Amino acid sequence: MNGESRSTLRRQLRAARRSLSPQQQHQASQQLWRQLAQHPLFRRSRHIAFYLANDGEIDPSVLMAHARRLGKHCYLPVITGWPADRMHFQRLVPGQRWVSNRFGIREPLIDPGLQARPWRLDLILMPLVGFDENGNRLGMGGGFYDRTFAFRRRRQHWTGPRLLGLAHHCQKVAQLPTASWDIPLDGIVSDQQIILLR
Ligand SMILES: Nc1nc2c(c(=O)[nH]1)N(C=O)[C@@H](CNc1ccc(C(=O)N[C@@H](CCC(=O)O)C(=O)O)cc1)CN2
Ligand SMILES: Nc1ncnc2c1ncn2[C@@H]1O[C@H](COP(=O)(O)OP(=O)(O)OP(=O)(O)O)[C@@H](O)[C@H]1O
């Protein structure tokens, strides 16, 4: 698949998730929580990276509230740091202060003392624009997740974070092409299924 069809597909799938009603979004968020709250991948994880749903993304906030009640450490991506093409993961604290990043997504006011190296986290929940049955993914196209987790490709035996892609069922497509820089996911969770990949 060439770059043009990739961006056409990205546009279509983003429009599909944005067109979901508030009720559908709410239900999907509950289904996500229902499937993951009891799952060992979630239960065994103490340091978990979430995201604030944007652009129709499936909303992990119900699961995040659950995680916080359990005393787990919850992190959000921050892209206002350095280098500018990289994500940092910052732990949420009581009385959290916020800023908007250049894409208009809210993120914690930067505080390096609260940031964790990505490989120190236990579980990363990453929003997907598209996915297929084989675990190939399509993101927003900024390459933030790809670059931030590029270190994973160089490891033979991996004990670092599990990577789970989250998406609405309507973002599933028959087949996505792989790019050489794509980082392998451990699984994909939608409102309707969990696909475990390794
Ligand atoms: N909720 C959430 N937070 C996230 C991500 C995400 O995908 N979802 N990211 C995951 O990477 C990072 C932000 N990446 C992004 C990449 C592209 C665009 C975007 O909207 N691009 C626009 C035009 C950008 C512009 O104004 O220049 C577009 O392509 O239409 C947004 C976020 C960090 N935080
Ligand atoms: N490890 C890397 N080093 C340098 N550039 C990278 C790397 N990974 C990805 N990129 C760049 O990031 C851009 C976005 O890649 P791609 O279209 O695969 O994004 P995506 O699948 O939407 O994923 P993401 O969620 O990471 O944005 C590509 O143009 C690619 O050149």
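Please treat every number below as a calculation from the coordinates, not as lab data. Quick caveat: nothing in here was measured; it's all calculated off a predicted structure. For neighbour counting, all protein chains shown are included, and Cβ atoms are generated from backbone atoms with ideal geometry for every residue, glycine included.
Here are a few things to note about the model shown:
- Three-way shape call for the range 1-59 based on the alpha-carbon gyration tensor, with the a/c threshold at 1.5: oblate
- Think of the chain as having a plus end and a minus end, set by charges on the Cβ of Lys, Arg, Asp and Glu; of 66, 116, 144, 116 sits farthest toward the positive end of this dipole.
- Burial order of peptide ranges 22-28, 51-57 (average beta-carbon count within 10 Å, highest first): 51-57, 22-28
- Gyration tensor verdict on the chain (Cα atoms; rounded if a/c is under 1.5, prolate if a/b is larger than b/c, oblate otherwise): rounded
- Qualifying trypsin sites (Lys or Arg not before Pro) for the range 82-189 [loop in DSSP, other Cβ within 10 Å: at most 10]: 97, 102, 155
- Centroid-to-centroid separation of the range 124-159 and the range 34-89 [C-alpha atoms, Å]: 15
- Count Lys and Arg as plus one, Asp and Glu as minus one, and take only other residues whose Cβ is under 10 Å from that of residue 99; the net charge is then +1.
- Converting phi to 3J(HN,Hα) with the Karplus coefficients 6.51, -1.76 and 1.60 and the offset θ = phi - 60°, the range 42-54 yields 7, 5, 7, 8, 9, 10, 10, 8, 10, 7, 8, 4, 9 Hz in sequence order, with x at every glycine or proline.
- Summed residue charge, Cβ within 12 Å of residue 135's Cβ, Lys/Arg positive, Asp/Glu negative: -1
- Under 14 Å, Cβ to Cβ, from residue 19 - net charge with Lys/Arg +1 and Asp/Glu -1: +2
- When only the Cβ of Lys, Arg, Asp and Glu is charged (+1, +1, -1, -1), the dipole of the chain relative to its Cα centre reaches about 540 debye.
- Cα gyration tensor shape for the range 149-192, rounded if a/c is under 1.5, else prolate or oblate: oblate
- Cleavage-rule hits (chymotrypsin sites (Phe, Trp or Tyr not before Pro)) in the range 108-198: DSSP loop, at most 16 neighbouring Cβ within 10 angstrom: 158, 181
- With contacts taken as Cα pairs under 8 Å at a separation of at least 6 residues, the range 1-63 carries a relative contact order of 42 percent.
- Taking the DSSP bridge list for the chain and keeping only pairs wholly inside it, about 50 percent are antiparallel.
- The chain - percent relative contact order, Cα under 8 Å, separation 6 or more: 21
- Computed over the range 56-164: relative contact order in percent, which uses C-alpha pairs under 8 Å that are six or more apart: 23
- Among the trypsin sites (Lys or Arg not before Pro) in the range 1-50, those placed in a DSSP loop whose Cβ has at most 10 other Cβ atoms within 10 Å are 44.
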